[in-house]
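Notes follow once the structure below has been shown.
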Number of protein chains: 2
Amino acid sequence: MSAYKELYRRFDRHYLLRSSADLLEWDAQSMMPDGGGDLRAAQLGTLRLLAHEAVSAADMASLLADAEAAPPEDAWERANLAAMRRAWVHAAAVPADLVEARARATSSCELAWRAARRDDDFASLLPQLTEVVSLTRRVGEAKAAASGLSVYDALADEYEPGAREASLTPLFARLERELPPLVDAIVEAQARAPQAPDLVGPFAIDRQAALGRHLAERMGFDFTRGRLDVSVHPFCGGAAEDVRMTTRYDERDFLSSVLGVVHETGHALYELGLPRAWTRQPVGSVPGMGLHESQSLLMEMQAARTPEFLGWLTDAATEHLGLAPGALTRASLARHALHVARSLVRVEADEATYPLHILVRFTLERALLSGDLAVKDLPGAFRDTMARVVGIRPETDRDGCLQDVHWPTGAFGYFPSYTIGAIAAAQLFAAAVAAHPTIPSELAKGELTTLRAYAREHVHQHGARYDTNEILRRATGRGLDVDALLRHLRRRYLTDPA
Amino acid sequence: MSAYKELYRRFDRHYLLRSSADLLEWDAQSMMPDGGGDLRAAQLGTLRLLAHEAVSAADMASLLADAEAAPPEDAWERANLAAMRRAWVHAAAVPADLVEARARATSSCELAWRAARRDDDFASLLPQLTEVVSLTRRVGEAKAAASGLSVYDALADEYEPGAREASLTPLFARLERELPPLVDAIVEAQARAPQAPDLVGPFAIDRQAALGRHLAERMGFDFTRGRLDVSVHPFCGGAAEDVRMTTRYDERDFLSSVLGVVHETGHALYELGLPRAWTRQPVGSVPGMGLHESQSLLMEMQAARTPEFLGWLTDAATEHLGLAPGALTRASLARHALHVARSLVRVEADEATYPLHILVRFTLERALLSGDLAVKDLPGAFRDTMARVVGIRPETDRDGCLQDVHWPTGAFGYFPSYTIGAIAAAQLFAAAVAAHPTIPSELAKGELTTLRAYAREHVHQHGARYDTNEILRRATGRGLDVDALLRHLRRRYLTDPA
């Protein structure tokens with residue numbers, strides 16, 4: 001067997017184990033009874049360890065060298081080989097016992113986090129979170145030693161290949177400088193605008209679910225290749241062949257569940273659009289989590305919040321929710337969907353303040369990893385940084401450092417992906433509309449076909465054949481470009497108020 | 001590390017991989033969209049293979065020998081060591097590539113079977129089923145060579161340790177001799193009895209589901225350690241720490257869904273009652289599938305179909321299904337629950353004809369494995385044997401050889417467990433009532449506490465510390481005793497007609 005073929009076989013096994021673990025995680029979030037937590041943590045620890053072993057055996061270095069010495073002729077296979085090396089660098093750097101220890105620690109820390117968040121009790125989480133930070137730091141150090149990167153860059157590189165603190169820092173500095181005055185201007189403009197009536201519920205959960213399903217279907221989600229369920233924290237998991245989306249429902253607020261479905265469906269369409277022939281190989285995956293996020297935001301923020309789509313959604317929601325004709329207006333929907341305010345909770349934040357929430361976390365997670373910030377001091381530091389950067393101070397840890405699942409699950413270096421995604425989404429939507437000027441009028445009819453086709457052609461079908469910057473460059477003429485996001489915000493909120 | 005400790009570690013991993021696969025199988029039956037089938041088959045193939053490898057490495061023989069040379073002092077640990085050897089004999093006999101090939105073949109054959117059954121199209125299943133029979137025969141031959149048993153016994157021993165064709169054959173011969181005249185007498189008696197009105201639906205699915213959940217809770221099912229969902233073929237899966245039961249609903253027939261829940265809850269209580277300290281080790285499992293089935297039948301057939309429980313169920317169903325008072329009578333319920341007739345479909349068969357359905361399969365699966373019956377000739381042979389043994393001839397393959405999932409999934413040698421379970425359930429119920437004469441009056445109040453406590457004490461808590469015969473002997477004074485089933489049937493249907 002050629003070295004490449006043998007590598008192909010190992011990465012196939014790696015994928016099968018990883019996707020099995022992903023399914024078990026979906027189950028843990030959406031189906032599993034509480035009593036299953038201990039077993040699930042142990043199962044995930046074992047599966048993640050075996051997945052790791054599948055691509056970090058002692059002979060992997062020589063297999064990669066042999067394959068690279070006689071590279072495959074096919075361009076996809078060559079790109080796959082490069083993606084294999086990337087994955088191997090991340091996997092092989094970390095000793096197996098550390099991988100397993102961290103998997104067990106994060107799994108049990110996540111359970112502790114659920115209770116701590118519910119009870120607003122950071123102290124109860126402190127031991128587990130301290131352990132997770134410590135193990136994650138060790139992972140980062142191992143990867144740093146293998147790659148020559150800093151600890152933070154080495155960790156972030158797993159989620160966002162090529163992302164570096166050195167380029168993220170000025171990007172966020174720019175946002176920190178430009179967003180607060182922009183937010184002030186938007187808040188002021190919205191205060192001056194006539195106030196449309198608020199959305200008045202209750203909106204029956206089963207009708208919201210039917211509307212969400214209808215939207216997902218209109219967007220092209222294939223229910224023979226995925227599901228839509230309920231979880232406390234909505235996400236898109238599973239595998240490209242069997243995508244598991246979740247949402248959550250609130251009787252008083254149908255818009256957040258509906259736009260949540262649009263968001264997760266954006267993720268799902270990316271998965272479903274990945275090159276089928278390569279699904280189980282590294283090149284068949286995505287080049288980074290930022291581009292993944294760009295696909296959800298392309299749909300949820302860029303498309304679904306246009307005046308055109310909100311107009312269509314007003315009628316669709318009226319029909320599916322069984323509202324009296326005229327009870328729901330586009331102005332009310334827009335007021336809700338486009339309201340900008342300094343608020344406490346990241347996942348509920350508007351797109352103008354969202355990057356500031358990310359900056360808080362980008363700042364603090366580096367301090368936690370470096371040891372400049374002790375885990376026990378996180379609650380206070382989180383409040384202070386929120387006050388300074390977002391301009392609002394949480395009164396509780398539930399609304400502060402306990403609000404996100406990322407750190408308890410060891411995902412340090414992930415947060416910048418959200419802002420990379422927001423920027424990329426602004427770039428891609430502008431480019432799509434420039435290439436296909438009919439998109440706005442389609443959105444007015446609830447049609448997303450052309451936009452989806454654009455995303456599939458320019459993003460999805462490439463898998464990880466190119467990196468995020470190269471995909472953006474090919475699609476929009478520029479790499480990641482923070483101007484596109486600022487331009488989008490100014491246009492939507494200051495020159496085109498809803 | 002001592003040899004025993006190392007074995008313990010390996011069987012722990014084996015359990016974590018196997019239970020992960022079991023969860024993926026539950027998902028495939030109850031949640032997975034059709035498009036996930038290919039991936040799921042590959043995932044299960046990999047997980048089953050790795051589970052197999054965890055306990056069949058080359059050094060396992062010497063680890064077992066070393067551990068047995070210095071056996072643990074604790075009786076549970078010694079029993080665990082014996083159970084390890086049993087598991088190892090089954091695992092090590094089969095080469096890894098054959099394990100993986102069979103897992104993939106059965107997974108894809110099951111999908112093909114679903115379609116073939118729906119379309120009544122045996123020809124479409126023939127290639128896959130032929131492959132499964134061939135691979136299963138090879139597995140049986142490998143196990144036969146390692147154990148000195150016949151191919152059939154070597155396969156059946158995996159589900160029913162100690163079960164042998166030589167003892168099953170006379171047992172079934174006795175049933176073949178005694179059941180047909182007994183069935184004739186019951187059918188005649190029921191024809192003479194006054195006819196209670198039939199159950200008239202429709203019965204709303206959500207109300208049936210609420211009733212099923214109520215029953216499971218009354219029986220002591222712990223919903224923090226398990227779930228109840230819907231699947232085409234009801235089963236009890238998951239793990240002892242996180243039991244996944246399923247049922248199915250029919251608007252015209254609430255009784256089958258309700259008694260289905262009682263059946264699966266019987267299985268689930270066994271799982272939940274296994275010794276917690278040993279859940280992930282071989283001795284913490286069950287000694288055989290027959291005893292597992294006995295626990296479902298103890299509840300569904302022995303307890304829930306007593307006149308006492310049916311009386312309580314009449315009131316509970318009236319309340320939960322929102323029926324008019326008096327619309328449902330115990331006589332109607334009993335007519336439905338205790339109706340005996342020669343019928344086509346095993347899973348819908350009554351307890352008097354059920355062993356004959358099993359005999360059909362016990363006969364044909366041995367012929368398929370030996371090659372005396374070609375897979376292509378199965379449809380005709382199934383019809384002929386049904387006509388001869390059960391006394392009714394299927395007109396379609398859907399009602400014939402396509403009705404069961406067992407053979408497509410490679411479960412040859414499993415069917416006798418159903419009859420072993422029916423016999424054991426009759427023994428255990430008689431012994432429980434003899435020890436606790438209050439049980440019938442408790443059943444009249446819908447109480448199952450004493451019966452569950454009896455089952456827990458005499459069956460569940462032992463795990464696999466003793467074999468099925470020894471557990472029955474300790475509980476009832478006799479090993480497996482076919483007389484108990486015949487006695488039960490005569491008493492219920494001929495001297496105590498409902």
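Which residue pairs have Cβ atoms closer than 6 Å, lie 6 or more positions apart in sequence or on different chains, and pair a first residue in segment B:418-433 that is assigned by TED's automatic domain parsing to the domain that holds B:Arg478 and touching a residue at least 12 places away in the same chain (Cβ under 8 Å) with a second residue that is of a type in the set (S, T, N, Q) and in a helix (DSSP H, G or I)? If the second residue must be of a type in the set (S, T, N, Q) and in a helix (DSSP H, G or I), the pairs left are B:Gly421/B:Ser294; B:Ala424/B:Ser294; B:Ala425/B:Ser294; B:Ala425/B:Gln302; B:Gln427/B:Thr476; B:Phe429/B:Gln302; B:Ala431/B:Thr476.
Scanning segment B:444-498 for residues being among the basic types (Lys, Arg) and closer than 16 Å to B:Ala304 by Cβ gives a total of 3. For A:Tyr15, the conditions (1) under 24 Å from A:Ala154 (Cβ atoms); (2) among the hydroxyl-bearing types (Ser, Thr, Tyr); (3) assigned to a helix (DSSP H, G or I); (4) more than 14 Å from every other protein chain (Cβ to nearest Cβ) are fulfilled apart from (4).
For (1) over 25 Å from B:Pro181 (Cβ atoms); (2) assigned by TED's automatic domain parsing to the domain that holds B:Ala431; (3) at pLDDT 95 or above, each residue gets a yes or a no:
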site	(1), (2), (3)
B:Gln295	yes, yes, yes
B:Met299	yes, yes, yes
B:Phe309	yes, yes, yes
B:Trp312	yes, yes, yes
B:Asp315	yes, yes, yes
B:Gly322	yes, yes, no
B:Arg342	no, yes, yes
B:Thr353	no, yes, yes
B:Thr363	no, yes, yes
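Residues in segment B:209-243 that are surrounded by fewer than 20 Cβ atoms within 10 Å (Cβ to Cβ) and at positive phi: B:Gly220 alone.
Yes or no: segment B:277-286 includes at least one residue that is at negative phi, out of contact with any helix residue (DSSP H, G or I) (no Cβ under 6 Å at 6 or more places or on another chain), in the same structural domain as B:Asp350 (by TED's automatic domain parsing) and crowded, with 22+ Cβ neighbours inside 10 Å. No, segment B:277-286 has no match at all. For segment A:244-258: of the residues being buried (at least 24 other Cβ atoms within 10 Å of the Cβ) and touching a Phe, Trp or Tyr at 6+ places or on another chain (Cβ under 8 Å), which is farthest from A:His320 (Cα to Cα)? So the residue we want is A:Arg244.
Going through (1) within 14 Å of another protein chain (Cβ to nearest Cβ); (2) crowded, with 19+ Cβ neighbours inside 10 Å one by one, A:Asp206 falls short only on (2). For segment A:56-79, the criterion of a residue being within 14 Å of another protein chain (Cβ to nearest Cβ) and either buried (at least 18 other Cβ atoms within 10 Å of the Cβ) or not β-branched (Val, Ile, Thr) (or both) is satisfied by no position. For segment A:392-414, state whether one or more residues are surrounded by 15 or more Cβ atoms within 10 Å (Cβ to Cβ), in contact (Cβ under 8 Å) with a residue 24 or more places away in the chain and of a type in the set (Lys, Arg). Yes: one or more hits. Of all residues assigned to segment A:194-203, none qualifies as being over 30 Å from A:Arg388 (Cβ atoms), within 14 Å of another protein chain (Cβ to nearest Cβ) and of a type in the set (A, V, I, L, M).
In segment B:223-270, how many are within 12 Å of another protein chain (Cβ to nearest Cβ) and not small (Gly, Ala, Ser)? Residues meeting the conditions: 11.
The helices (runs of 4 or more DSSP H) falling completely within segment A:44-149 that include 2 or more residues that are more than 29 Å from A:His233 (Cβ to Cβ) and among the charged types (D, E, K, R) map to A:60-69, A:75-92.
Every residue, every condition in (1) farther than 26 Å from A:Ala444 by Cα; (2) modelled with pLDDT under 95; (3) among the small types (Gly, Ala, Ser), yes or no:
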site: A:Ala196; (1), (2), (3): no, yes, yes
site: A:Gly201; (1), (2), (3): no, yes, yes
site: A:Phe223; (1), (2), (3): no, no, no
site: A:Arg227; (1), (2), (3): yes, no, no
site: A:Val230; (1), (2), (3): yes, yes, no
site: A:Phe235; (1), (2), (3): yes, yes, no
site: A:Asp242; (1), (2), (3): yes, no, no
site: A:Met245; (1), (2), (3): no, no, no
site: A:Tyr249; (1), (2), (3): no, yes, no
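If you filter segment A:29-51 down to residues that are buried (at least 22 other Cβ atoms within 10 Å of the Cβ) and among the small types (Gly, Ala, Ser), you find that the one that is nearest to the other protein chains (Cβ to nearest Cβ) is A:Gly36. Against the numbered list (1) within 10 Å of chain A (Cβ to nearest Cβ); (2) under 17 Å from B:Thr409 (Cα atoms), B:Ala105 comes up short only at (1).
The values are calculated or read from the model by the stated rules, or taken from the named source; none is laboratory data. Values in this document were obtained by computation on a predicted structure and should not be read as measured data. Glycine gets a Cβ as well: all are built from the backbone with ideal geometry, and neighbour counts include every protein chain shown.
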